[in-house]
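Quick note: the coordinates plus some simple rules give every number you see, no bench work behind them. Values in this document were obtained by computation on a predicted structure and should not be read as measured data. FYI the Cβ positions are ideal-geometry reconstructions off the backbone, even for glycines, and counts take in every protein chain you see.
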Amino acid sequence: MSVMKTNMLIRSLSTSSAAAQLVKPPVQVFGLEGRYASALYSAASKTKSLDAVEKELTQFQQSMKTDANLKEFIINPTIKRSLKAEALKHVATKISLSPTTGNLLGLMAENGRLGKLETVINAFKIMMAAHRGEVTCEVVTAKPLDPAQKQSLEAALKKFLKGNETLQLTSRVDPSLIGGMVVSIGDKYVDMSVASKVKKYTELISVAV
């Protein structure tokens, strides 16, 4: 996206008179969701409403998961953009959303991008985590980690952090890994699973044969 288009997007989301001046997020997210999230981050920074916008969008995201009618309204491509924009403007006023959050919903409705709303929210969350100095880490294992294993793993992963950063660790189970683990920390990805080793050796054997 060109600087001019980026500034136009920021101006559409912001209530600030200095809307065209970009406040860069602490981490870059690519794609359409990254562009909207970056513009949202800049607009919310100018109005000092970053935390409020994150809280509102998280609640709205949860509502989309629990309210089937809302989700259908958001993703239904047959509903006119103007109708969606007007309805979301009414919702934003009714539940007292901040202007920046309301502007995002309205703009995405007008542009026919509401189908990307959840990915935009997730991209914004990534930026906010970086803003707070949080480094997200996901560990996937074949079996659940016991408390001692999790504590040992956390200690090892914290060695990768800078002084002002904190670790936000989540874990999930995927039996298809067979054993070992897959670790994603920040932008780093390490596959130490037995399944990946089996696949690698199988490929090597197939080539040799």
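Note the full-extension length gain between THR170 and PHE30 as 0.36 nm times their separation in residues minus their Cα-Cα distance, in nm to one decimal.
48.1 nm
Helix 3-13: angle to the longest alpha-carbon principal axis of the chain, degrees 0 to 90, nearest 10?
70
Which value at 222 nm does the chain reach when only helices count, each DSSP H run of 4 or more adding -39,500 (n - 2.57), with the total divided by all residues and rounded to the nearest 500 deg cm²/dmol?
Rounded to the nearest 500, the figure is -18000 deg cm²/dmol.
Report the per residue volume, in Å³, of the convex hull enclosing the C-alpha atoms of the stretch 133-208.
With only Cα atoms used, the stretch 133-208 gives 95 Å³ per residue.
Would you order SER49, SER42, SER206 from fewest to most other beta-carbon atoms within 10 Å of each residue's own beta-carbon?
Going from sparsest to densest Cβ surroundings: SER206, SER49, SER42.
Please compute, over every Cα-Cα pair in the chain, the percentage with a separation greater than 27 angstrom.
When every Cα pair of the chain is considered, 46 percent fall beyond 27 Å.
Using each residue's phi in the stretch 196-205, evaluate 6.51 cos²θ - 1.76 cosθ + 1.60 at θ = phi - 60° and report the 3J(HN,Hα) Karplus result to the nearest Hz, with x for Gly and Pro.
5, 5, 4, 4, 4, 5, 5, 5, 5, 5
On a 0 to 90 degree scale, rounded to 10, what angle separates helix 117-131 from the longest Cα axis of the chain?
The answer is roughly 70 degrees.
Identify all lysines with a Cα-Cα distance to LYS80 below 25 Å; exclude those on the same chain that are fewer than 8 residues away in sequence.
LYS5, LYS65, LYS71, LYS89, LYS94, LYS116
Taking amide H positions as placed in the peptide plane 1.01 Å from N, state which residues far from LEU145 in sequence (5 or more) or on other chains have amide H under 5 Å from it.
none
Work out, step by step, the length gained on full extension between VAL91 and ASN111: first 0.36 nm times the residue separation, then minus their alpha carbon distance; give nm to one decimal.
Computed gain between VAL91 and ASN111 is 5.4 nm.
Which order results if LYS116, LYS46 are arranged by neighbouring Cβ count within 10 Å, fewest first?
Neighbour counts put them in this order, fewest first: LYS116, LYS46.
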